Amino acid sequence: MEPRADIAVVGLAVMGQNLILNMNDHGFTVVAYNRTTSKVDDFLNNEAKGTNVLGAHSLPEMVALLKKPRRVMLMVKAGAAVDEFIESLLGVLEPGDIIIDGGNSLFEDTIRRVKHVESKGLLYIGTGVSGGEEGARRGPSIMPGGSPAAWPHVKPIFQAISAKVGENVPCCDWVGEGGAGHYVKMTHNGIEYGDMQLICEAYHIMKDGLGMTPDEMSAAFAEWNKGELESYLIEITRDILAKKDDDGAPLVDKILDTAGQKGTGKWTVISSQEFGIPITLIAEAVFSRCVSAMKDARVEAAKVFKSSNPKFAGDRAQWVNDIRKALYASKMISYTQGYMLMRAAAKQYGWNLNYGGIALMWRGGCIIRSVFLGDIKKAFDKNPGLTNLLLDPFFKREIKSCTRSWRKVVSTAIKKGIPVPAFSTALAFFDGIRSERLPANLLQAQRDYFGAHTYERLDKPRGEFFHTNWTGTGGRVASSTYTV
Ligand code: 2AM
């Protein structure tokens, strides 16, 4: 068998199939393989009929078809299946060959797998692929990380099949070493949770506070999609709100208000806790899905705590404008927090992340794609060391122009009993991060009072710790301290 294939893709679920067809469209010769080999024949006889896609019914057959260095991309279920396939591949591949995991793997697994595969003399890439089925077929956002030496061999394929923005700029670039690609993909998903929650809170206020119909709300989102909020999620929200069920009634009103989740938002929040980075908006977005899932408990409590009139007084068009600004400001906070998290992870794991490049990768192809990410890219291009996005002159101006509306929307929603956890936590974070002094002096005093945890003083250099005998009966011995 002549080795003539550029890459093999293992796993023929819809993402794997669509990536193969996308690669084929761009002139690459792909070998398709799947654990259940009947799916290979199904695929070749149906979706891949008339293409140059080759099929393999065993791993040795697949390997024999590949040009060197061999590139094998796994599109199998995250978890044990990836480890199992890596072991099988290590038995049939050679040093210098490249294993790529394109699934939604946990970054810590990827860190481990990079080390393991490199120890055998092969190269490993763990890559985020975002954009769902349609993205995989027409151009996803691709976020690869792992063995840097593998990147030049994978780059032409990945950049060819990825989404493009502007003048044919690919939404795919090297993210960094180890688990960086999957970490950035995980953060993307966390931010996606946040963006969706923000849109849902805007919808909630429009529906209950302003009494707007789905068609009226659809029109508002259509309008928003022409400005600074222009994005895929605003666009699909516009379309969802306009969708009618078979009986002509709005479909959205018939959908059970209980959200599911697959875990990437949760992973992002868990990781943020490890680093002590307050990604409060994503955390609220994850918890809001949890609250939504407690449908029976909510129905029960709703009988006891009946809501009063949630209607907002005043001009509706003005309110819609205020809500848009509240959403925009909250979104700036969410991305500020997300970037703080990636910076902390990069420091911890020694990744050299390209923050502007990440914004560019998210600019097209993926679920959070938006015009806004172009502004983030510009901010990091101007100042790659930017540690707080809000301090960039553009974002500083933008957030300042939103604060009046933002406070008005949050405070009125609170008065009216409409939950706005993401809007309000964003505002609380903004007020916290711009506070030179917070009440943590009192907190430190409390800790020292009951636990002799010591405190630092404003009138002494940092790093000097003091303990006070608050009651006159405590000892002079301080407890050992730790910092979050
Ligand atoms: P299958 O068709 O043989 O089930 C998505 O589920 C993809 O992951 C499918 O291609 C599926 O293969 C593959 N997959 C799931 N679990 C697997 C495992 N334990 N080993 C190998 N492939 C697996």
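The values are calculated or read from the model by the stated rules, or taken from the named source; none is laboratory data. Computed from a predicted structure; not experimentally measured. Counting neighbours? That spans all protein chains shown, and the Cβs are built from the backbone with ideal geometry, glycine included. Ligands, DNA and RNA are stripped out before the accessible areas are found, and what is left, the full protein with its side chains, is counted by its heavy atoms. Shrake-Rupley method; radii C 1.70, N 1.55, O 1.52, S 1.80 Å.
Return the pair list, or none, for Cβ contacts closer than 7 Å from residues in region 311-334 that are within 26 Å of G194 (Cβ to Cβ) to residues that are of a type in the set (K, R) and open to solvent by 50 Å² or more (accessible area, probe 1.4 Å), at least 6 apart or on different chains.
F312/K416; D322/K408
Could you go through region 201-215 and let me know if any residue there is free of Cβ contacts under 8 Å to residues at least 60 places away in the same chain and within 25 Å of the chain's Cα centre (by Cα).
yes
Being open to solvent by 50 Å² or more (accessible area, probe 1.4 Å), away from the ligand (no atom under 13 Å from the Cβ) and touching a residue at least 40 places away in the same chain (Cβ under 8 Å) is the filter here, so list the residues in region 90-114 that pass it.
Matches in region 90-114: E108 only.
Out of all the residues in region 122-146, which are assigned to a loop (DSSP other than H, G, I, E, B) and within 17 Å of D83 (Cα to Cα)?
Residue satisfying the conditions is L122 alone.
Against the condition in contact (Cβ under 8 Å) with a residue 60 or more places away in the chain and surrounded by fewer than 20 Cβ atoms within 10 Å (Cβ to Cβ), how does V371 come out, does it pass?
Considered against the rule, which asks whether it is in contact (Cβ under 8 Å) with a residue 60 or more places away in the chain and surrounded by fewer than 20 Cβ atoms within 10 Å (Cβ to Cβ), V371 comes out as yes.
Please specify each residue of region 62-89 satisfying the condition of being more than 15 Å from the ligand (Cβ to nearest atom) and either β-branched (V, I, T) or surrounded by 15 or more Cβ atoms within 10 Å (Cβ to Cβ) (or both).
Across region 62-89, the qualifying residues are V63, A64, L65, L66, P69, R70, R71.
Does F107 satisfy the condition of being touching a strand residue (DSSP E or B) at 6+ places or on another chain (Cβ under 6 Å) and among the aromatic types (F, W, Y)?
No, not satisfied.
Restricting attention to region 123-142, and to residues there that are hydrophobic (A, V, I, L, M, F, W, C), more than 16 Å from the ligand (Cβ to nearest atom) and open to solvent by less than 10 Å² (accessible area, probe 1.4 Å), which single residue is nearest to A359 (Cα to Cα)?
Checking each candidate, the answer is I142.
Scan region 448-470 and give yes if some residue there is open to solvent by 80 Å² or more (accessible area, probe 1.4 Å) and assigned to a helix (DSSP H, G or I), otherwise no.
Yes: one or more hits.
Tell me, which residue of region 223-248 that is open to solvent by 30 Å² or more (accessible area, probe 1.4 Å) and of a type in the set (A, V, I, L, M) is farthest from the chain's Cα centre (by Cα)?
By that ranking, first place goes to A242.
For region 46-61, give me each residue that is in a helix (DSSP H, G or I) and either within 16 Å of the ligand (Cβ to nearest atom) or surrounded by 13 or more Cβ atoms within 10 Å (Cβ to Cβ) (or both).
L59, E61
Between a first residue in region 29-52 that is at pLDDT 95 or above and a second residue that is more than 15 Å from the ligand (Cβ to nearest atom) and hydroxyl-bearing (S, T, Y), which pairs have beta carbons less than 9 Å apart while being 6 or more apart in sequence or on different chains?
Note: pairs meeting the criteria are V30/T51; L44/T51; N52/T29.
Any idea which residue in region 314-327 is nearest to the chain's Cα centre (by Cα), counting only those that are open to solvent by less than 10 Å² (accessible area, probe 1.4 Å) and not charged (D, E, K, R)?
That would be L327.
Can you report the number of residues in region 262-313 which are part of a loop (DSSP other than H, G, I, E, B) and either more than 29 Å from the chain's Cα centre (by Cα) or exposed (fewer than 15 other Cβ atoms within 10 Å of the Cβ) (or both)?
13
Inside region 1-16, can you point out the residues that are within 9 Å of the ligand (Cβ to nearest atom) and buried (at least 18 other Cβ atoms within 10 Å of the Cβ)?
V10, G11, L12, M15, G16
Residue-by-condition table, conditions (1) touching a residue at least 12 places away in the same chain (Cβ under 8 Å); (2) within 30 Å of K311 (Cβ to Cβ); (3) not aliphatic (A, V, I, L, M):
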position: L389; (1), (2), (3): yes, no, no
position: G417; (1), (2), (3): yes, yes, yes
position: F423; (1), (2), (3): yes, yes, yes
position: L427; (1), (2), (3): yes, yes, no
position: I433; (1), (2), (3): yes, no, no
position: R437; (1), (2), (3): no, no, yes
position: R447; (1), (2), (3): no, no, yes
position: R457; (1), (2), (3): no, no, yes
position: F465; (1), (2), (3): yes, no, yes
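I'd like the full set of residues that are assigned to a helix (DSSP H, G or I), open to solvent by 30 Å² or more (accessible area, probe 1.4 Å) and out of contact with any Pro (no Cβ under 9 Å at 6 or more places or on another chain), limited to region 376-386.
K377, K378, D381, listed by residue number.
Give me the pairs, please: first residue somewhere in region 218-238 and farther than 21 Å from E134 by Cβ, second residue anywhere and open to solvent by 30 Å² or more (accessible area, probe 1.4 Å) and among the aromatic types (F, W, Y), beta-carbon distance under 7 Å, and either six or more positions apart or on two chains.
none
Quickly run through region 17-36 and pick out the residues that are surrounded by fewer than 23 Cβ atoms within 10 Å (Cβ to Cβ), within 16 Å of the ligand (Cβ to nearest atom) and either among the basic types (K, R) or in a loop (DSSP other than H, G, I, E, B) (or both).
R35, T36
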